[in-house]
1. If we keep just the residues of the range 12-47 that are in a loop (DSSP other than H, G, I, E, B) and crowded, with 16+ Cβ neighbours inside 10 Å, which is farthest from the chain's Cα centre (by Cα)?
2. Give me the pairs: first residue in the range 55-67 and under 19 Å from Thr94 (Cα atoms), second residue acidic (Asp, Glu), beta-carbon distance under 6 Å, and six or more apart or on different chains, which are they?
3. Within the range 73-100, take every residue that is of a type in the set (Val, Ile, Thr) and in contact with a Ser or Thr (Cβ under 6 Å, 6 or more places away or on another chain) and give me the one that is surrounded by the fewest Cβ atoms within 10 Å (Cβ to Cβ).
4. Being surrounded by 15 or more Cβ atoms within 10 Å (Cβ to Cβ), of a type in the set (A, V, I, L, M), over 12 Å from the mean Cα position of the chain (by Cα) and closer than 27 Å to Pro20 by Cα narrows it down to one of Leu119, Leu103, so name that one.
5. Applying the selection to the range 136-155, what residues are modelled with pLDDT of 75 or more, among the aliphatic types (A, V, I, L, M) and either farther than 16 Å from Ser56 by Cα or in a helix (DSSP H, G or I) (or both)?
6. Could you please let me know if Ser56 is closer than 22 Å to Thr131 by Cβ and in contact with an Asp or Glu (Cβ under 7 Å, 6 or more places away or on another chain)?
7. Being at pLDDT 95 or above, surrounded by 14 or more Cβ atoms within 10 Å (Cβ to Cβ) and more than 17 Å from Ala36 (Cα to Cα) is the requirement here; does Leu133 meet it?
Amino acid sequence: MAGGILESFPTLTIPRFRLPAFVSAVGNRLPQWPHAVVLSTGLNAVLKMKLLPEDSLELLEGRSFLVDVLDTGGRACFTFRRGLFRPVFTPPQTPDLAFRANLSAFLQLVARQEDPDTLFFNRELSIEGDTELGLIVKNMLDAVEWPKLSRLPVFRH
């Protein structure tokens, strides 16, 4: 899948890889809350840049989400409340929606090298929980039009 935020680097291809098992063994023992803080902050930046379809955001209100990067041992739990993504420091036993994959699959998604459907059907991405919520999130992500890096304020001179 061409394009996306990495469009400025058209020859960059993220290979499929799996980190060694010791990485997740160490990662599982580390505090997980920093991942939730960083992911929530990033999502709020995307929100502020108005890249997410605003008409769908209200459907996320009060729902819990988990992003589990299997081969790093890192997990981030967050929610959407009162117009902002917020980290969840004590994750629920069963989040409303959980995404699980290795780091390479998540990187391929962000780079728009692969779409969620392909990764899901190739068993590289697991999506568990509320099916309707999963479709809403997938459609929101598909609707995002990532700006070229050169158009982002941080890259302007």
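1. Leu19
2. The qualifying pairs are Arg63/Asp96; Ser64/Asp96.
3. Going residue by residue through the range 73-100, those that are of a type in the set (Val, Ile, Thr) are 79, 88, 90, 94.
Okay, now just the ones that are also in contact with a Ser or Thr (Cβ under 6 Å, 6 or more places away or on another chain), so 79, 88.
Numbers: Thr79: 20, Val88: 17.
Only one residue tops the list, namely Val88.
4. The unique qualifying residue is Leu119.
5. To start, the set of residues in the range 136-155 that are modelled with pLDDT of 75 or more comprises 136-145.
Subsequent filtering for residues that are among the aliphatic types (A, V, I, L, M) retains 136-137, 140-141, 143-144.
Of everything in the range 136-155, those that are modelled with pLDDT of 75 or more, among the aliphatic types (A, V, I, L, M) and either farther than 16 Å from Ser56 by Cα or in a helix (DSSP H, G or I) (or both) turn out to be Ile136, Val137, Met140, Leu141, Ala143.
6. no
7. Yes.
Conditions tested, residue by residue: (1) of a type in the set (Ser, Thr, Tyr); (2) touching a Leu at 6+ places or on another chain (Cβ under 9 Å); (3) under 30 Å from Pro20 (Cα atoms).
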residue	(1), (2), (3)
Lys50	no, no, no
Pro53	no, no, no
Leu57	no, yes, no
Val67	no, yes, yes
Thr72	yes, yes, yes
Thr79	yes, yes, no
Arg82	no, no, no
Gln93	no, no, yes
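The values are calculated or read from the model by the stated rules, or taken from the named source; none is laboratory data. It should be emphasised that the depicted structure is a prediction, and the values quoted were computed from it without experimental measurement. Neighbour counts run over all protein chains shown; Cβ positions are idealised from the backbone, glycine included.
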